[in-house]
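Take a look at the structure below.
The values are calculated or read from the model by the stated rules, or taken from the named source; none is laboratory data. It should be emphasised that the depicted structure is a prediction, and the values quoted were computed from it without experimental measurement. Methodologically, a virtual Cβ is constructed for each residue, glycine included, from the backbone with ideal geometry; neighbour enumeration extends over all protein chains shown. In case anyone asks, the SASA skips ligands and DNA or RNA and just uses the protein heavy atoms, side chains included. Shrake-Rupley method; radii C 1.70, N 1.55, O 1.52, S 1.80 Å.
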Amino acid sequence: MSEPFFQISKLEAGYGEIRVLWGIDLAVSAGEIVCLIGSNGAGKTTLLRTISGLLPPTAGSIVIDGQELAGADTRRILAGGIAHVPEGRRLFRTMSVKDNLMMGAYLRKRGASVEEDLERVMTMFPRLAERAHQDASTLSGGEQQMCAIGRGIMSRPKLLMIDELSLGLAPRAVELLSESLIEINKTGVAILLVEQDVMTALDLAHRGYVIDRGRISLAATSEQLRQEPAVREAYIGAA
Ligand SMILES: Nc1ncnc2c1ncn2[C@@H]1O[C@H](COP(=O)(O)OP(=O)(O)OP(=O)(O)O)[C@@H](O)[C@H]1O
Ligand SMILES: [Mg+2]
């Protein structure tokens, strides 16, 4: 693993009196796809929300390219190169597909490079190009996920975080989305993937972390995690 450009250390966060994350250490290097797996309620969404500034950390640090972002607002974190595709996709339902995509570029100056990126997203997801002027609410689940990912890459992130890629989607849609993530990754965007379907996560990712009740319990390559008895028993359903 090369030197990580993104590093979280001893990160803690929660909701009011309730502490959810307990001293999380996690790093991503350039070019990596890293997955985060764990049971319902383990704190995966809370971690992504803390990284993207939706939830203030109570302790610890979040550094990207040497810049400390813990406690920064969502705008600064987005400008720092972190995009978040949230659980449930959260599109602007009554806005067109194209306008949803353009929202991802809201911090960028309108111009040729934004138009080029829009073209790139439309080429990557032809189904979005065909539906560019439809309201986002009319998209299928898979198309909504394409739109949410497209919106994420419109900010030109260094790190794209995706919360639940496959949730509620048919296997074919998940395959298409996985292929596009590999394509996105090849353009130099690192990916942090939260995924319920552990096999999908480990197939896509180079490395992974297991989070258990707000603590990282394992960190290893995908190959090692696939062999790990604790992972097989808890998440793959095979001892
Ligand atoms: N807004 C909130 N207020 C209070 N507690 C919350 C809130 N959101 C989440 N929690 C609690 O934080 C813990 C972690 O939740 P989180 O949503 O991060 O889990 P998760 O790993 O993403 O789970 P899932 O796999 O179900 O998406 C849970 O105990 C949950 O009840
Ligand atoms: Mg979640």
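See the values below:
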| read-out | value |
| --- | --- |
| The range 45-127: radius of gyration over Cα atoms, expressed as a fraction of 2.2 N^0.38 Å | 1.25 |
| The chain, accessible area per residue, ligands and nucleic acids excluded (1.4 Å, Å²) | 46 |
| Count of Lys pairs (Cα-Cα under 18 Å; at least 8 positions apart or interchain) in the range 4-236 | 4 |
| Cα-based helix-to-principal-axis angle, 112-124 vs the chain, degrees rounded to 10 | 70 |
| Crossing angle, helix 141-153 versus the chain [Cα axis fit, 0-90 degrees, rounded to tens] | 90 |
| Protein accessible area in the range 4-236, 1.4 Å probe - carbon and sulfur % | 50 |
| Spread of Cα-to-Cα distances over 10 Å intervals beginning at zero, given as percent, for the range 91-239 | 11, 37, 31, 16, 5, 0 |
| Simple Cβ-charge dipole of the range 4-236, Lys/Arg +1 and Asp/Glu -1, about Cα centre, in debye nearest 20 | 520 |
| Computed [θ] at 222 nm, deg cm²/dmol, the chain (DSSP H ≥ 4; -39,500 (n - 2.57); rounded to nearest 500) | -9500 deg cm²/dmol |
| Residue among A201, A129, A190 with the largest mean-square fluctuation in a Gaussian network model of the chain, springs linking Cα atoms under 10 Å | A129 |
| As computed over the range 76-115, the Cα convex hull volume per residue (Å³) | 80 |
